[in-house]
1. When you scan the range 178-269 for helices (runs of 4 or more DSSP H) that lie fully inside it, which ones turn up with 3 or more residues that are small (Gly, Ala, Ser) and at pLDDT 85 or above?
2. Taking the condition of being among the β-branched types (Val, Ile, Thr) and under 17 Å from Leu241 (Cβ atoms), how many residues in the range 37-86 meet it?
3. Considering only the range 109-125, I want to know if a residue exists there that is without any contact (Cβ under 8 Å) to a residue 40 or more places away in the chain, over 19 Å from Phe190 (Cα atoms), open to solvent by 70 Å² or more (accessible area, probe 1.4 Å) and of a type outside the set (Val, Ile, Thr).
4. Of all residues in the range 49-72, count the ones that are crowded, with 23+ Cβ neighbours inside 10 Å, of a type in the set (Gly, Ala, Ser) and more than 16 Å from the chain's Cα centre (by Cα).
5. How do the pairs read when you match residues in the range 14-25 that are closer than 10 Å to Val247 by Cα and in a loop (DSSP other than H, G, I, E, B) with residues anywhere that are charged (D, E, K, R) and modelled with pLDDT of 85 or more, using Cβ under 8 Å and keeping only pairs 6 or more apart or on different chains?
6. State all residues of the range 10-41 that are at pLDDT below 80, small (Gly, Ala, Ser) and open to solvent by less than 40 Å² (accessible area, probe 1.4 Å); if no residue qualifies, say none.
7. Just one of (1) outside any strand (DSSP E or B); (2) at pLDDT 95 or above trips up Gly66, so point out which.
8. Condition (residue is over 27 Å from His59 (Cβ atoms), touching an Asp or Glu at 6+ places or on another chain (Cβ under 7 Å), in contact (Cβ under 8 Å) with a residue 24 or more places away in the chain and assigned to a helix (DSSP H, G or I)) applied to the range 136-146: is it met by at least one residue?
Amino acid sequence: MRGNQGWPVGVRALLGMAGFGPGPDAVHEVVAGRTVLITGASRGVGERVAIRLGAIGAHVLLLARGEAVEDVAERIRTLGGRADTYRADLRDTDAARTTAETILTDHGTPAVVISNAGHSIRRSLADYTDRFHDVQRLTGVNALGPIALLLPLLREMTADGAGHLISVASASVDVPSPGYSAYAASKSAFEAWLRAVAPELAADGVATTSIHLPLVHTAMSAPTAHYATAPGLGADDAAALVCRAIVDRPRLISPWWARLGGAVSALAPATSDLLLRTALRNRW
């Protein structure tokens, strides 16, 4: 059997790039009849997760900026699921916080929150020294907006002593790559925040999971031409990993090579820089 990029599934599993997850019955047992909030739900991984969960009995709340989220909700309803939508641009932190309060008023405290929304820009430092707004935009979508949204939700989840927060991040958090400095910085900021609050949340009965995805072939990665032939996950593979997180509640899901790369980067930064510079020399 071969994966979506033509690589044998066994090879992709060895590389930490196969999105094996639990069967629908196991996921159904956790989410059926419960409220699950998914950000970035209009396309890609968020869309696939929303459809999976909605089809097996979760009440899914879909949050996204664009109107395409309405189409996702309608598809879930045609499958017999229950879906409600919220439109918000996470760069607007006031809107993010207000949306969270509205969700709590409308539906009570979600059982699971999947912080999946993200934005990526591949740009060398030389190409954005005059474009600080790129950094602001990425930080808003990937860090500040999600935190603004989560604070009211976590207030109620900790008060209830229950719930599960899942962060869908990137392996670039472990191994930052040249060309993705602003993206990696913004994603790492959120992950650093989550690592710091995770023990507090656990003490209050709220589980946390970070998923550091390798390359996922979605609309977000499509603008980088050489990624088209690179080994990676499909959106359904990544959605399966999110379902694994929902059922098993691990603290971290990350490819072994990303964890190893993170250790090398921390222990031998000069060596890590040399390896990355060599690997990426012909990619610009």
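1. Helices (runs of 4 or more DSSP H) meeting the threshold: 181-203, 235-248.
2. 6
3. no
4. Qualifying residue count, the range 49-72: 2.
5. Gly21/Arg244; Pro22/Arg244; Pro22/Asp248
6. Of everything in the range 10-41, those that are at pLDDT below 80, small (Gly, Ala, Ser) and open to solvent by less than 40 Å² (accessible area, probe 1.4 Å) turn out to be Gly16, Ala18, Gly19.
7. (2)
8. No, because not a single residue in the range 136-146 is over 27 Å from His59 (Cβ atoms), touching an Asp or Glu at 6+ places or on another chain (Cβ under 7 Å), in contact (Cβ under 8 Å) with a residue 24 or more places away in the chain and assigned to a helix (DSSP H, G or I).
The values are calculated or read from the model by the stated rules, or taken from the named source; none is laboratory data. All figures in this text were calculated on a predicted structure; none of them were measured in a lab. Ideal geometry is used to build each Cβ from the backbone, glycine not excepted, and the neighbour counts take in all protein chains shown. Just the protein is used for accessible areas: all its heavy atoms, side chains included, with ligands, DNA and RNA removed. Shrake-Rupley method; radii C 1.70, N 1.55, O 1.52, S 1.80 Å.
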